Amino acid sequence: MPTREATNDGTVIETDVGAVRGLRRDGLRLWRGIPYAASTAGDGRFRAPRPAPGWDGVRDAVAFGPVAPQLRRGQFIGAHPRLERSEDCLSLNVIAPDEPDATPRGRPVMLFLHGGAYSVGSSGEYPRQGERLVRRHGVVYVSCNYRLGALGWLDLRRYASARHPIECNLGLRDQIAALEWVRRNIRAFGGDPDRVTLFGESAGANSVTTLMTVPAAEGLFAGAIAQSSPANAVYSAETAQAWAGEYVRILSRIVDDDDLDSEAPQDASVMLRTADPVLLARATTELAVRTPDENPGTISLAPVIDGGFLPERPLDAFKAGRAHRVPLVIGTNDREGSLFEGRIDILPTTKPRIRAIFANTRKKSRKAIKRQYPGLPERRPAADFAGDFTFWYPSVKLAERHSRFAPTYMYRFDAAPRTARLLGLDATHGLELFALFEKSDTLVGAGLTLLGGGRMFRAVGRRMQAHWVAFADHGDPRGEGAGCLDWPRYDEERRLTLVFDGPDRIEADPRGERRIAWQRFVPHV
């Protein structure tokens, strides 16, 4: 559908720190770059987010805020080339229908957390993301930036001092600050603060499942959707601090200051506090590249079990019923691991990495898992093994545990246009975002359907939207619309799962034999 250019919106919205004025376009109202916390530069580096400073007058909320420091080109696709990188990055965006809501309580709110392995990405990476969801279904859509790399996801507390304290889990703390802003302000934008659904993909999904176990997040969202969560990628403080030590050694070499001794905590503290953010990002990428070979099956940028803010391993909290008992939609894509070959090389897809993971299991269990991936460690079975190890099996375990205490719904996304299949990607990691957000007008989105399958893919995306919005509206994802199935709850007995495809279907315990093999292979996940 052709869209008009956005025009200035004369309406002023009052937030708790100042007034903002956004844009209008095609029946939507858009606000961009609203600060939800103060800059993290200077004394704010490695500290918990602080309240955003207020302002006088009316702030024009028409442009996306700066993205968290990251490389333009690195291990992954980097920051959007037109977006500024800055430690003053804690901002969010709101999209709402132009028409006032007919009900007094307000519209359901959906807050999206972007992925990117905790090292790249932003809420402005796809500038139109969320617009079709809002236009079609009348929700209020919120997206936010949060700190990335070492600035948000390393445990550097060993380099703290009384004068210069350092906290950890800063990215998670940022996300909670965004949720708190929504709680305080979203009614002014037409949203219902009691119907906030937190959803995310990949690292954003891991943030979702982790926040479900963070005490400070209690009451800030009414439901959660986790798309391809690496739910077991949360590490002990001991492991995280070993990565912090390696990071400091890498940064010391990059900074190349003869007056600093990286082995001296005081010098390391000075270096961390004063280094240019671009150099911090370079060191982040180098650490991220090393980790999959030095510690196969892990990623060095991730939430940390610090015993306070994040008291325990999330999967253990779900098992014990200590996670927030909100409804949950969780699922993965058919072949998560096929994307992680070549440049995006962070999963256990190589023979040495697979061997290292197998070394920690019994011989009988190794044989059982190998039968599920004939030809392992050849390229295709290795990709499927790695994707299941990282995303699918932890998500299944989390779903079965949460289903004992709260409504839980499991899905698998199988729909793949012809181009994705010809490339050997199939329904790979992140593909569902192009369907859910209808990204057919992006370069990648257009390429995916160039050789056919576009009609099927768009139809699947609209059914996904209907399910997601129904869940946001009343905590039950049974969506209304052509082809939407009656999506049953997930439980450990039947394990009924909605498979998104052309057409959709309900399967009982899909890949059950593989699930049992994984249970024996990694029994403590």
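The values are calculated or read from the model by the stated rules, or taken from the named source; none is laboratory data. Just so it is clear, the model here is predicted, and its values are computed rather than measured. In this analysis, Cβ positions are derived from the backbone assuming ideal geometry, glycine residues included, and neighbour counts consider all displayed protein chains.
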Which condition from (1) surrounded by fewer than 23 Cβ atoms within 10 Å (Cβ to Cβ); (2) among the basic types (K, R); (3) within 17 Å of the chain's Cα centre (by Cα) is the one that R147 breaks? (1)
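Go through the range 87-110 and give me each residue that's in contact with a helix residue (DSSP H, G or I) (Cβ under 8 Å, 6 or more places away or on another chain) and within 18 Å of L148 (Cα to Cα).
Within the range 87-110, E87, L90, L92 meet the criteria.
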Can you tell me which residue within the range 471-484, out of those that are modelled with pLDDT of 95 or more and of a type in the set (D, E), is surrounded by the fewest Cβ atoms within 10 Å (Cβ to Cβ)? D476
Checked the range 1-18 for anything outside any loop (DSSP other than H, G, I, E, B) and modelled with pLDDT under 75; matches are T7, N8
From R132, R59, R105, R82, grab the single residue that is more than 23 Å from A205 (Cα to Cα) and not in a loop (DSSP other than H, G, I, E, B). R59
Give the residue, chosen from F309, F318, that is at pLDDT 95 or above, crowded, with 18+ Cβ neighbours inside 10 Å, among the aromatic types (F, W, Y) and closer than 30 Å to G479 by Cβ. F318
So R158, is it under 27 Å from A281 (Cβ atoms), part of a helix (DSSP H, G or I) and basic (K, R): yes
For S403, state whether it is in contact with a strand residue (DSSP E or B) (Cβ under 7 Å, 6 or more places away or on another chain), surrounded by 18 or more Cβ atoms within 10 Å (Cβ to Cβ) and in contact (Cβ under 8 Å) with a residue 12 or more places away in the chain. no
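Within the range 135-155, how many residues turn out to be of a type outside the set (S, T, N, Q) and not in a helix (DSSP H, G or I)?
Number satisfying all stated conditions: 12.
Restricting the range 436-458 to residues that are under 18 Å from G479 (Cβ atoms), under 24 Å from the mean Cα position of the chain (by Cα) and without any contact (Cβ under 8 Å) to a residue 60 or more places away in the chain, which is surrounded by the fewest Cβ atoms within 10 Å (Cβ to Cβ)?
Applying the filter and picking the extreme gives R458.
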Filter the range 413-433 for residues that are touching a helix residue (DSSP H, G or I) at 6+ places or on another chain (Cβ under 7 Å) and surrounded by fewer than 23 Cβ atoms within 10 Å (Cβ to Cβ); which is farthest from A382 (Cα to Cα)? T419
Of the listed residues (L287, L301, L310), the one being in a helix (DSSP H, G or I) and under 26 Å from R157 (Cβ atoms) is L287
Any residue at all in the range 420-431 that's part of a helix (DSSP H, G or I), polar (S, T, N, Q) and under 25 Å from I346 (Cβ atoms)? no
Is at least one residue of the range 205-217 touching a helix residue (DSSP H, G or I) at 6+ places or on another chain (Cβ under 8 Å), of a type outside the set (S, T, Y), more than 26 Å from G475 (Cα to Cα) and in a helix (DSSP H, G or I)? no
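Criterion first (among the small types (G, A, S) and either under 22 Å from the mean Cα position of the chain (by Cα) or crowded, with 23+ Cβ neighbours inside 10 Å (or both)) does S252 satisfy it?
Numbers: among the small types (G, A, S): yes; either under 22 Å from the mean Cα position of the chain (by Cα) or crowded, with 23+ Cβ neighbours inside 10 Å (or both): no.
Taking the combined requirement at face value, the residue does not satisfy it.
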So the check is Cβ under 6 Å with 6+ separation or different chains; which pairs have a first residue in the range 90-112 that's over 18 Å from V20 (Cβ atoms) and of a type outside the set (S, T, Y) and a second one that's outside any strand (DSSP E or B) and modelled with pLDDT under 95? R107/D101
Can you tell which of W468, W487 is at pLDDT 95 or above, within 22 Å of E201 (Cβ to Cβ) and in a loop (DSSP other than H, G, I, E, B)? W487
Do we find that D491 is of a type in the set (D, E, K, R) and under 18 Å from A226 (Cβ atoms) in this structure? yes
Can you tell me which residue within the range 257-285, out of those that are of a type in the set (D, E, K, R) and surrounded by 17 or more Cβ atoms within 10 Å (Cβ to Cβ), is farthest from I357 (Cα to Cα)? D267
For the range 327-353, enumerate the residues that are in a strand (DSSP E or B), hydrophobic (A, V, I, L, M, F, W, C) and closer than 16 Å to G387 by Cβ. I330
In the list S236, S229, S262, which residue meets the criterion of being closer than 30 Å to V469 by Cβ and among the hydroxyl-bearing types (S, T, Y)? S229
Among (1) under 30 Å from V234 (Cα atoms); (2) surrounded by fewer than 20 Cβ atoms within 10 Å (Cβ to Cβ); (3) among the aromatic types (F, W, Y), W55 falls short only on (1)
How about the range 363-396: which of its residues are out of contact with any Ser or Thr (no Cβ under 9 Å at 6 or more places or on another chain), touching a residue at least 60 places away in the same chain (Cβ under 8 Å) and of a type in the set (D, E, K, R)? K364, R366, R371
Condition check for D259: in a loop (DSSP other than H, G, I, E, B) and either among the acidic types (D, E) or farther than 21 Å from P377 by Cβ (or both): yes
